[in-house]
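What follows is a single structure, written as structure tokens, with notes after it.
The values are calculated or read from the model by the stated rules, or taken from the named source; none is laboratory data. As the structure is a prediction and not an experimental result, all values here were calculated from the model. So basically every Cβ, Gly included, is an ideal-geometry build from the backbone, and we count neighbours across all protein chains shown. All accessible areas refer to the heavy atoms of the entire protein, side chains included, with ligands and DNA or RNA removed. Shrake-Rupley method; radii C 1.70, N 1.55, O 1.52, S 1.80 Å.
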Amino acid sequence: TRDEVEQADPNLDDDVRTWFDPRCDLPKLKVLGPVTVRVAPTGQPTQAASRQPFLSELLAYLATHPAGATTEEIADALGIQPHRVRKHMVALRAWLGTNPRTGRPHIPNSRQTAAAKDRGSAAYQVEGLLMDADLFRRLRVRGEARGTEGLDDLQQALALVTGTPFADLRVKGGAWLADGDRLDQIL
């Protein structure tokens, strides 16, 4: 089992190093504590100046929906009108910038995502984002598979936690966390 788990996630150590690298070239999303976003060097921080809490929550929503989300799903989850989703996505796309590893925006056009191809219709998706909850889960799985030798992985996972998951979302935000599996409580 240990070999299978390690082979299934060969990039874990690189992703963890990138997370802790102060010169990280990818955006980072923290949800294991107060929700915060660190944009990459290609991002435009001024795009979120007046609406950072909302855009941070929008990014958290997208990041926790790896199969993508339609305009209607996003509008319903965040309590906004569907015609406003595109405007917010344009701002989020500019805020996060371009993925230097692919040359594509971190938030591609909704018709050009893997989710859109899978669904057969437009769906928004985030690409090239590092998220503490994802790293935590991956480290925990590998740490448990390694048995007593996995203690370092488990300690590294705990080092990612800075407080209550999804804390400090925008005022009246986070209602979408109550739908489905209650990711905030699971984390």
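Computed quantities for the displayed model
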| read-out | value |
| --- | --- |
| Residue list for the range 7-20, restricted to those being more than 15 Å from G128 (Cα to Cα), among the acidic types (D, E) and either open to solvent by 50 Å² or more (accessible area, probe 1.4 Å) or part of a strand (DSSP E or B) (or both) | D13 |
| Candidates V141, V161 - the one that is outside any helix (DSSP H, G or I) and under 21 Å from W19 (Cβ atoms) | V161 |
| Members of the range 66-79 that are open to solvent by less than 60 Å² (accessible area, probe 1.4 Å), outside any helix (DSSP H, G or I) and closer than 17 Å to D181 by Cβ | A69 |
| Check on A60, open to solvent by less than 10 Å² (accessible area, probe 1.4 Å), closer than 25 Å to D181 by Cβ and of a type outside the set (D, E) | yes |
| Only listed residue being of a type outside the set (D, E) and part of a loop (DSSP other than H, G, I, E, B), chosen from A60, A40 | A40 |
| Residues that are under 15 Å from V90 (Cβ atoms), open to solvent by less than 100 Å² (accessible area, probe 1.4 Å) and not hydroxyl-bearing (S, T, Y), drawn from the range 112-125 | A122 |
| Filter result for R23 (without any contact (Cβ under 8 Å) to a residue 40 or more places away in the chain, charged (D, E, K, R) and part of a loop (DSSP other than H, G, I, E, B)) | yes |
| Every residue from the range 158-170 that is in contact (Cβ under 8 Å) with a residue 40 or more places away in the chain, open to solvent by 50 Å² or more (accessible area, probe 1.4 Å) and not hydroxyl-bearing (S, T, Y) | V161, D168, R170 |
| Residue that is nearest to the chain's Cα centre (by Cα), among those in the range 39-75 that are of a type in the set (D, E, K, R) and at pLDDT 95 or above | E57 |
| Residue satisfying condition, being over 16 Å from the mean Cα position of the chain (by Cα), modelled with pLDDT of 95 or more, more than 29 Å from A49 (Cα to Cα) and open to solvent by 90 Å² or more (accessible area, probe 1.4 Å), within set Q155, Q185 | Q155 |
| Subset tally (residues that are under 22 Å from M131 (Cα atoms) and open to solvent by 70 Å² or more (accessible area, probe 1.4 Å)) for the range 101-111 | 3 |
| Filter pass, S50 being out of contact with any Phe, Trp or Tyr (no Cβ under 8 Å at 6 or more places or on another chain), surrounded by fewer than 16 Cβ atoms within 10 Å (Cβ to Cβ) and under 18 Å from G97 (Cα atoms) | yes |
